[in-house]
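Reading through the structure tokens given below for one structure.
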Amino acid sequence: QVQLVESGGGLVQAGGSLRLSCAASGIIFRLNAMGWYRQAPGKQRELVAVITSGGSTNYADSVKGRFTISRDNARNTVFLQMNSLKPEDTAVYYCNAQGVLNGYWGQGTQVTVSS
């Protein structure tokens, strides 16, 4: 059974930082591209950042220079370091694992940035 468990969300003031973690089980983690997505109220889910099995990264323009995605294959965990947070970063953040055939989602973690 595949499980992606996010943690690290919370309430932070604008300009602050949070670090999200996503622990994966039930997949061959090192073979999966891992991503973070977010969904704000009334909006569609959007890609925030992705890291491939080889370690290449890609970011949404809105978070470039502020967010950093990384992975630890030994711990089956992907991270999202979020700095200089803005109120518009407020959303539920979801972890995604994408293999060759299947994709999986975590349950999401709420990030709220107050102005």
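Read-outs: derived from the displayed coordinates by stated rules, not from any lab. Given the structure is predicted, the values throughout are model-derived calculations rather than measurements. Note that each Cβ is placed from the backbone with ideal geometry, even for glycine, and that neighbours are counted across all protein chains shown.
Structure values in brief
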item: Within the chain: Cβ-based charge dipole about Cα centre, in debye rounded to nearest 20 (Lys, Arg +1; Asp, Glu -1); result: 100 debye
item: Approximate shape of the range 56-105 as ellipsoid semi-axes (Cα gyration tensor, √5λ), whole Å, largest first; result: 22, 13, 11
item: Distance from the range 98-112 to the range 25-51 (C-alpha centre basis), Å; result: 5 Å
item: Highest-MSF residue in the chain out of Gln44, Gln81, Gln13 [GNM, Cα springs under 10 Å]; result: Gln44
item: Relative contact order computed over the range 1-73 (Cα-Cα under 8 Å; 6+ residues apart), in percent; result: 21 percent
item: Largest-first principal axis extents, alpha carbons of the chain, Å; result: 40, 25, 23
item: Highest-MSF residue in the chain out of Asp72, Asp61, Asp89 [GNM, Cα springs under 10 Å]; result: Asp61
item: Base-10 log of normalised Debye intensity for the range 4-55 (one unit scatterer per alpha-carbon) at q = 0.24, 0.27 Å⁻¹; result: -1.13, -1.21
item: Among Asn76, Asn102, Asn58, residue whose mean-square fluctuation peaks in a GNM of the chain (springs only between Cα atoms under 10 Å); result: Asn102
item: FRET E, pair Ala40, Arg75, Förster distance 35 Å, beta-carbon r, rounded to 0.05; result: 0.75
item: Radius 15 Å from Cβ of Asp61, net charge of other residues (Lys, Arg +1; Asp, Glu -1); result: +1
